[in-house]
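The values are calculated or read from the model by the stated rules, or taken from the named source; none is laboratory data. Since this is a predicted model, take the numbers as computed values, not measurements. Cβ: placed from backbone, ideal geometry, glycine included. Neighbour counts: every protein chain shown. Ligands, DNA and RNA are excluded from the accessible area calculation, which covers all protein heavy atoms including side chains. Shrake-Rupley method; radii C 1.70, N 1.55, O 1.52, S 1.80 Å.
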Amino acid sequence: MKNKKILQLIFALVLLIGLCLMMFNVTRAFGLLLTCVLQPLIGLYYLSVFQKEETNANIDKLIFRYPLLFSIQATFIGLVIQRLFSIMQWPFAGPIKVCACALSCITLVLGLFYVVLNRKRIQSIFVIEFVLISMPVLMFIGIFMPKNYSNVEYANVLNKEYIDLCKIEKTLYQQAQRDTSIDLTQVNILQEMKERTEVNWGGVNDKNEVIGALKKIDENENRFIVQKLNSDSLYAIINKEPTSVIEYLNRLTKLQIDLLLKEKK
């Protein structure tokens, strides 16, 4: 019984410390490590010990026990993978997020059925706490709350990149203007597309950061202007996939820089 109490205390402390660390940008990674990796390991270890102690209590008659244990493990793994794909901005982050949310909901439902159907056989209140408290909390912090913070940080990084790229493009453009033999038509068209996009999605703030940076770009963005480019290769690069506004603007600016460097040579 003493060991049970110690494990319960450690589990609760890890959960509390992890949630507190999640509140600050500097320590958020450690909070995720505690809540999505260390905490489930402690919980699953506790359940394995609890299972051994229930051997004489005929645990095979506990309804939904093994599906619940499998679902808990799958949910923890799904939450970790979802956070990894979300932070790294890898493809299929959206579908993986949906799967992680679905696993969390399935685990919660199985936990409710498990508690209700086996309420007379369950020997430890910790199992109830583990299922009904930890899983909803992990579902929230693993799918929703960290994403909002990471989006802000991601937007700041891309906005800084956009500002730096624009400075480089402006310098190259001023140099190219001195040479009357250089055709700047495509560069000017790309600039028109950038300015139009900035206006359409909220403009920029006093720090020159794009306000609607992470909004989903319209697939038909600048569809009329892009025809002026008269270049299939540029058209393919610009429209290769739907993306966020700031990524789209960075893509256009990089194209401008590439064109200016080619003309300079």
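A single member of Ile211, Ile225, Ile217, Ile237 is over 25 Å from Lys160 (Cβ atoms) and hydrophobic (A, V, I, L, M, F, W, C), and it is Ile225.
Taken over the stretch 92-109, the residue count meeting the criterion of being surrounded by 14 or more Cβ atoms within 10 Å (Cβ to Cβ) and either β-branched (Val, Ile, Thr) or in contact with a strand residue (DSSP E or B) (Cβ under 8 Å, 6 or more places away or on another chain) (or both) is 3. Scanning the stretch 21-52 for residues that are closer than 17 Å to Ile6 by Cα, open to solvent by 90 Å² or more (accessible area, probe 1.4 Å) and modelled with pLDDT under 70 returns no hits. For the stretch 223-237, taking the residues that are of a type outside the set (Lys, Arg) and without any contact (Cβ under 8 Å) to a residue 24 or more places away in the chain, the one that is nearest to Leu255 (Cα to Cα) is identified as Ile237.
Filtering Lys170, Lys240, Lys194 for residues that are modelled with pLDDT of 80 or more and open to solvent by 90 Å² or more (accessible area, probe 1.4 Å) leaves a single hit, Lys170.
So how many residues does the stretch 243-265 have that are open to solvent by less than 10 Å² (accessible area, probe 1.4 Å) and either without any contact (Cβ under 8 Å) to a residue 24 or more places away in the chain or farther than 30 Å from Val152 by Cβ (or both)? The number of residues fulfilling the criteria is 1. Screening Lys216 on (1) farther than 22 Å from Trp90 by Cβ; (2) open to solvent by 60 Å² or more (accessible area, probe 1.4 Å); (3) touching a residue at least 12 places away in the same chain (Cβ under 8 Å); (4) not polar (S, T, N, Q) shows it passes everything except condition (1).
Of all residues in the stretch 61-87, those that are more than 22 Å from Val115 (Cβ to Cβ) have Cβ atoms under 8 Å from Cβ atoms of residues that are of a type in the set (Lys, Arg) and modelled with pLDDT of 75 or more, 6 or more apart or on another chain, in Gln82/Lys97; Phe85/Lys97; Ser86/Lys97. Residues in the stretch 7-44 that are aromatic (Phe, Trp, Tyr) and assigned to a helix (DSSP H, G or I): Phe11, Phe30.
Considering the stretch 76-91, and only residues there that are out of contact with any Cys (no Cβ under 9 Å at 6 or more places or on another chain) and not aliphatic (A, V, I, L, M), the residue that is least open to solvent (accessible area, probe 1.4 Å) turns out to be Ser86.
The residues of the stretch 131-155 that are open to solvent by 80 Å² or more (accessible area, probe 1.4 Å) and either modelled with pLDDT of 60 or more or closer than 20 Å to Gln39 by Cα (or both), listed by number, are Ile133, Phe140, Phe144, Val152. In the stretch 182-191, what residues are β-branched (Val, Ile, Thr) and open to solvent by 20 Å² or more (accessible area, probe 1.4 Å)? Ile182, Thr185 - these are the residues of the stretch 182-191 that are β-branched (Val, Ile, Thr) and open to solvent by 20 Å² or more (accessible area, probe 1.4 Å).
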